[in-house]
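Comments concern the structure below.
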Amino acid sequence: MTRRDRAVRAVYRVGWWGATHIPAAVLRPLIWTGAAVAARTHGRPLRELRHNLTVAAGRPADDRLVAAALRSYLRTLTEVLSLPRWRPDQIVGRVQVPDAARLRRRQAESGAVVVLPHSGNWDLAGAWACLSGFPVTSVVEVLNGAAYGDFLRFRRRLGMEVVGHTDPAVMSTLTAAVRGGRTVCLIGDRDLSGTGVEVRWAGHQVRMPAGPALLARRTGAALIPGVCRFTAAGMVIDLGPEVTHQSGSDGLAAMTQQVADFFAARIRDQPQDWPMLQPFFAARRARSS
């Protein structure tokens, strides 16, 4: 284990302890103050965040919007770190899914592949699903060995089946999960494999993974996009229209475009809950490479 790996692991262990033991009344003003100060800085991640928010919101992202996005990011982090200690009723009580009945019906009929962006708290969404009759199988980014192991154990404690994105058997594992009655929940706004398809997001070119569309098409499962957004009391998961299956490589691109369209429309309503700190739109990715 490298010195950096040990440091990352130590930070997360301290965070797991702090998020659980520091009272919310103390933690909340620290988050607000830190976010407000950071929003006025000009480091590369903040420049990328400001640009992504500008595109997502359809207007220039001022310091208030950047600060709100940073607060949302820190809220997600602190919730994730404290989530293993929440009672099941606390988890279920904090999440609202207005269209859960449709998801349950399609899960029973054909299986369901739910695809989400990095918006809100997707770990909380997975925990809610596992406790609500939707046993989740998901794919996570493989980081350094120690931190990756910690997060694997964390998600498995929540009831999720987790597959690393570099696992050569990832597609066969997900196919078996769908056919075994599990809900496959995938993050769909970052192309970790480099094999995604080009689509448009609010008029801007982006590359998004085709895996969710490919899996749904291969298994006959319903492909349903969703977006998580925070409320004062918890979180709402908005589910979009079921994506129409289409054949061929052009069909995969068309299906992924439907996902991108729903992401862009919903995130535009509450852009602060999509704190994307990395180059995302094609022109910015090209400039950073």
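None of the figures in this text is laboratory data; all of them are computed from the coordinates on show. On a predicted model such as this, the values are computed, not experimentally measured, just so you know. We place every Cβ from the backbone using ideal geometry, glycine too, and count neighbours over all the protein chains shown.
Neighbours of residue 124 by Cβ distance under 9 Å: Lys/Arg scored +1, Asp/Glu scored -1, total -1.
Net charge around residue 65, counting only other residues with Cβ within less than 9 Å of its Cβ (Lys, Arg = +1; Asp, Glu = -1)?
Around residue 65, the surrounding residues sum to +1.
Backbone geometry of region 57-65 corresponds, through the Karplus equation with coefficients 6.51, -1.76 and 1.60 at θ = phi - 60°, to 3J(HN,Hα) couplings of 7, x, 7, x, 7, 8, 4, 5, 5 Hz, x marking Gly and Pro. For region 132-227, what does the alpha-carbon gyration tensor say about shape, rounded, prolate or oblate, given a ≥ b ≥ c as the root eigenvalues, a/c under 1.5 as rounded, and a/b over b/c as prolate? Because a/c hits 1.5 or more and a/b fails to exceed b/c, region 132-227 counts as oblate.
Working note: Karplus 6.51/-1.76/1.60 with θ = phi - 60° gives region 207-222 the couplings 10, 10, x, 8, x, x, 5, 4, 5, 4, 5, 5, 9, x, 6, 6 Hz, where Gly and Pro are set to x.
Grab the Cα-Cα distance for residue 170 and residue 104, subtract it from 0.36 nm times how many residues apart they are, and report the gain in nm with one decimal.
Net length gain for the segment: 21.3 nm.
Local charge for residue 162 was computed over the other residues whose Cβ lies under 13 Å away, with Lys and Arg +1 and Asp and Glu -1, and equals 0.
Neighbour counts of other Cβ atoms within 10 Å put 238, 250, 150 in the fewest-to-most order 250, 150, 238. Put in line by how crowded their Cβ is, counting other Cβ atoms within 10 Å and starting with the fewest, 86, 201 read 86, 201. Restricting the calculation to Cα atoms, every distinct pair contributes to the Kirkwood radius of region 171-289, found to be 15.2 Å.
Each residue of region 243-256 is assigned a 3J(HN,Hα), and the resulting list reads 7, 6, 5, 9, 8, x, 5, 5, x, 4, 5, 5, 5, 5 Hz, derived from the Karplus form 6.51 cos²θ - 1.76 cosθ + 1.60 (θ = phi - 60°), x at Gly and Pro. Near the amide H of residue 186, within less than 5 Å, lie the amide hydrogens of 114, 115, 116, all on another chain or at least 5 residues away, with H placed in the peptide plane.
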